[in-house]
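See structure below.
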Amino acid sequence: MKAPSRQAALWLAVVSALALILLALAALQIHWTDQVSQADRERLRANLDTSVTRFQRDFYLQLLRVCWAFRIAGPESVTAAMDAYAGRYDDWRNASAYPAMIGGLLLWDQQHARLFRLNPSTEQFELTSWPPELLKLRHNLRKLTSASSPEDVPGPRWILDEQTYSLIHPLRIGQQSYPARHTATIVVRLSPEFLWHRLAPQLTARYFGSRYAVAIVGRADPLRPLFESVSPAPGRPLANGDIVANLVPGTEEDLFDPVANPEHARGDPARAEQKFLDGAGPGGGRRYFSLARFAAAGQRWELVVRGTSGTVEAAVRALHRRNLTIGFGVLLLLAVAMSLVVISAQTAQRLARTQMNFLAGISHELRTPLTVICSAADNLADGMLAGSDRVKDYGNLIRDQGRRLSHMVNEVLSFAAGRAVRRFHRQEPVDPSGIIETVLANLQAEIESQHVTVEKNVEQNLPLVWGDPSALAECIQNLVSNAIRYGGEARWMRIQAGRRHSHGKEEVVVMVEDRGPGISPRDLRRIFEPFYRGANATDAQIHGTGLGLSIAQQAAKAMGGRLTVRSAVGKGSQFTLALPALASADSET
Ligand code: ADP
């Protein structure tokens, strides 16, 4: 008993260790998934930041190109300035990649309070009056050009006025000494149509693809976006995105003169652009983003970005959930695989144990009848027996022991054959009542020698069943033989056969009962396993191989039936064999 309990303890230890490892893996899995999510969050954020910066940078570059294109050397007079700008406008239309970006040119002659507008068809500036939507701009220009002290004189800067879509540049006309005054201003009007219907979609596709929804809003009215890359769900405007940033960064205080860029001044605009692009990134050359503004902070353009399927945070959470599910799925699979390995190892071990027991048992079982047969034969050979009665007794002894031996050998062979091939290959209509008679006749000697009372109750005209007659005989014989051997002191058994309906089909049912000590529940679960012998068999030293019920069950299954058992300790056992009956038309053929 010691070895099995040590083995059980070992198994328990192994299973507990595996369970602990699984738990540790699960904990690590949660921890790692959290870390991965954190890294994902940071990566997505960083990508988004980079895309936003690039979007801003490219947008700004287009503004910068306008500034560069309309750079003129200090004009002598307003007329000279107008000629120069008309020429620049012509160049822009012919050479720029985006001619539609400019919606018009205005020149404000402060000294004479006159406003000129470039007529694109004649390419001449013509006198015009301030349109009402630009009155605020006129007010700002007056302020800008009325500096009275040298400190107030602004440099040659460009100003972005988001409210009126204007790029503005004050001019010094002639060679004035201090206090210098700007006497004229050029206003380049940008086309909203171009900005929001061509440039913004192009930049969105380039930097955000379809993973992010992008909108550009005026901060004063975020619910009515100037541009939107996808139409938002009703009631869910994009105003609150993962990132909200100024489309054109910079403050009013930051004054910047893009025209003064040395490369550009040297006539190398491509290098100037490259230098700008290299410098315009997180942490580097932010000053390039400093266009002066008129528009108050409330009127700035803002870039709003959000993941198309929700915020970045929601995307990370979904990814986190998915990773966890996959991780736990794999762990579950591992747990199931581990349990299967443990179960099959234990089953194999149990089978090995029963087979060892079988070997030990069978060699003992074989030796006893052989010894009896040999010594009886010796006595007969030596002529030690006088009288025909003694010879008859010895003959009976040898026959009984010989039968016992052949029964055992048959069982082993039957089992082995049933395992190796489908043994029950003969299929024909079989009469169960005839088989019962044969079985009882076969076992008559045993019944008599054990003084067993047999009750037989077989219904008249039992239907035939379809199967192998010898297999059915073997099956019933095993049941009857068990009832005799395990029937105990009661020395009683009953065999009944009848018909019944189950699930709409007719069955023939053969029931074998005894009033022996019964089978313990522990054994009851396993008696159909090959080589398994119950405690009642081994304790009472009842001969057997542990194969009879296994063979009987194989036979029942081969005939499309089933063999079941009910047993109560101290009261007896009842084995029931149910076989599908042949329809009467079938049996007649
Ligand atoms: P064997 O009888 O050779 O041991 P079986 O396969 O016929 O092998 O039976 C397996 C076990 O089932 C027996 O060892 C015994 O413990 C139990 N058993 C079978 N039939 C009966 C019965 N009628 N009453 C009590 N126990 C039984």
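Considering only protein heavy atoms and a 1.4 Å probe, what is the carbon-and-sulfur percentage of the accessible area of the range 309-417? For the range 309-417, the apolar C and S fraction of the accessible surface comes to 67 percent.
Between amide H atoms placed 1.01 Å from N, distances below 5 Å from Ile243 occur with Val305, all of them 5 or more places distant or on a separate chain.
Rolling a 1.4 Å probe over the heavy atoms of the protein chains gives the range 415-534 an accessible area of 51 Å² per residue.
Cβ-Cβ distance of Ala337 and Ser121, R₀ of 56 Å, FRET efficiency by 1/(1 + (r/R0)^6): the value works out to about 0.10. Among Arg54, Arg533, the sequence by solvent-accessible area, most first, with a 1.4 Å probe is Arg54, Arg533. With 0.36 nm allotted per residue and the present C-alpha distance subtracted, the Arg142-Cys374 stretch has 69.7 nm of extension available.
Between amide H atoms placed 1.01 Å from N, distances below 5 Å from Val430 occur with Val465, Trp466, Gly467, all of them 5 or more places distant or on a separate chain. For the range 422-491, a crude dipole built from +1 on the beta carbon of Lys and Arg and -1 on the beta carbon of Asp and Glu, taken about the Cα centre, is about 260 debye to the nearest 20.
Computed from the C-alpha gyration tensor, the three semi-axes of the ellipsoid equivalent to the range 1-151 are 78, 18, 12 Å, from longest to shortest. When Asp91, Asp109 are compared by accessible area at a 1.4 angstrom probe, the order from most to least is Asp91, Asp109. Globularity index of the range 1-72 is 2.75 (Cα radius of gyration / 2.2 N^0.38 Å, N = number of residues). Each residue was assigned an accessible area with a 1.4 Å probe, and for Leu340 the value is about 110 Å². In the assembled protein chains, Arg300 presents an accessible area of approximately 10 Å² (probe radius 1.4 Å).
Karplus-derived 3J(HN,Hα) values for the range 435-440, using 6.51 cos²θ - 1.76 cosθ + 1.60 with θ = phi - 60°, are 5, 4, 4, 4, 4, 5 Hz; glycine and proline are entered as x. Quick check: the distance between the Cα centres of the range 41-64 and the range 301-375, to the nearest angstrom? About 51 Å separates the Cα centre of the range 41-64 from the one of the range 301-375. Taking only alpha carbon atoms, the range 454-589 gives an Rg to Rh ratio of 0.99, where Rh is the Kirkwood radius. Of the listed residues Asp468, Asp221, Asp378, the order by accessible area with a 1.4 Å probe, largest first, is Asp378, Asp221, Asp468.
State whether the range 332-489 is rounded, prolate or oblate according to the following rule on the C-alpha gyration tensor (a ≥ b ≥ c being the square roots of its eigenvalues): a/c under 1.5 gives rounded; otherwise a/b larger than b/c gives prolate, and the remaining case gives oblate. Oblate shape, in that a/c is at least 1.5 and b/c is the bigger or equal ratio.
The 3J(HN,Hα) values that the Karplus relation (6.51, -1.76, 1.60; θ = phi - 60°) gives for the range 57-65 are, in residue order, 4, 5, 5, 4, 4, 5, 5, 4, 4 Hz. Gly and Pro appear as x. Exposure check, 1.4 Å probe, all protein chains in place: Trp32 carries approximately 130 Å² of accessible surface.
The values are calculated or read from the model by the stated rules, or taken from the named source; none is laboratory data. Every value quoted in this text rests on a predicted model; they were computed, and no experiment measured them. When we count neighbours, we look across all protein chains shown, and the Cβ atoms used for this are built from the backbone with ideal geometry, even at glycine. Just the protein is used for accessible areas: all its heavy atoms, side chains included, with ligands, DNA and RNA removed. Shrake-Rupley method; radii C 1.70, N 1.55, O 1.52, S 1.80 Å.
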